[in-house]
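Following: one structure in structure tokens, then a few remarks.
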Amino acid sequence: MSCISLKTGKKLPWYRTKALAKQAEKAARKKGYRLIAYGCRNCDGWHLAPRAYYREDCEHGCRCLKGFPKKAYKTEEDANKTASIISKRRGFEMWVYECPKQEGIYHISSQDGATPKKEKKRKRKSRRARRGRTRRS
């Protein structure tokens with residue numbers, strides 16, 4: 001799977017390892033560009049992005065249902081801009097909500113509502129309950 005730039009519509013340069021991406025980042029810095037290497041969840045490779053677009057992971061341990069750390073946005077406007085870009089890319093609506101653990105930080109979710117639904121954990125039945133009652137003679 002190749003990733004496409006939303007701005008230009010062209011394929012993004014892809015790097016197989018973090019070391020190669022960091023090397024490209026250094027070369028770009030020498031030419032005067034402010035880029036940062038990031039691991040891509042779509043293609044499992046590495047890309048370079050302008051430092052201004054890069055978002056840090058939430059410091060408060062917020063994670064999506066797949067277990068990835070949530071990105072932290074400092075303003076609701078910034079989160080809404082990113083949510084609209086993601087909506088166009090994925091083809092379904094994204095929702096912005098305030099971090100439940102820290103005021104003034106916002107996250108994006110694909111789940112409707114003020115805060116995302118929590119994954120329900122099934123209670124595991126005991127071994128005896130799964131087998132049913134046993135008869136003793």
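The values are calculated or read from the model by the stated rules, or taken from the named source; none is laboratory data. No experiment lies behind these values; they were computed from the predicted model shown. So basically every Cβ, Gly included, is an ideal-geometry build from the backbone, and we count neighbours across all protein chains shown.
Condition first: under 24 Å from residue 5 (Cβ atoms), without any contact (Cβ under 8 Å) to a residue 60 or more places away in the chain and under 15 Å from the mean Cα position of the chain (by Cα). Now tell me which residues in the stretch 85-105 satisfy that.
86, 87, 90, 94, 96 - these are the residues of the stretch 85-105 that are under 24 Å from residue 5 (Cβ atoms), without any contact (Cβ under 8 Å) to a residue 60 or more places away in the chain and under 15 Å from the mean Cα position of the chain (by Cα).
Just for the stretch 44-81: of the residues that are outside any strand (DSSP E or B) and among the aromatic types (Phe, Trp, Tyr), which one is nearest to residue 99 (Cα to Cα)?
68
Output yes when any residue across the stretch 15-22 is farther than 18 Å from residue 68 by Cβ, in contact with a strand residue (DSSP E or B) (Cβ under 6 Å, 6 or more places away or on another chain) and not in a helix (DSSP H, G or I), and no when none is.
Looking for residues that are farther than 18 Å from residue 68 by Cβ, in contact with a strand residue (DSSP E or B) (Cβ under 6 Å, 6 or more places away or on another chain) and not in a helix (DSSP H, G or I), one finds at least one in the stretch 15-22, hence yes.
Quick one: which residue in 64, 43 is of a type outside the set (Lys, Arg), in the same structural domain as residue 108 (by TED's automatic domain parsing) and surrounded by 13 or more Cβ atoms within 10 Å (Cβ to Cβ)?
Only one candidate passes the filter, namely 64.
Can you pull out the residues in the stretch 51-71 that are among the hydrophobic types (A, V, I, L, M, F, W, C) and over 28 Å from residue 32 (Cβ atoms)? Can you show your working first?
Just the residues of the stretch 51-71 that are among the hydrophobic types (A, V, I, L, M, F, W, C), to begin with: 52, 58, 62, 64-65, 68.
Once the filter is applied, which keeps residues that are among the hydrophobic types (A, V, I, L, M, F, W, C) and over 28 Å from residue 32 (Cβ atoms), the stretch 51-71 yields 58, 62, 64, 65, 68.
So if I check each of 76, 25, 59, which one is at pLDDT 90 or above, in the same structural domain as residue 107 (by TED's automatic domain parsing) and among the charged types (D, E, K, R)?
76
So, in the stretch 1-36, how many residues would count as being more than 10 Å from residue 48 (Cα to Cα) and touching a Leu at 6+ places or on another chain (Cβ under 6 Å)?
2
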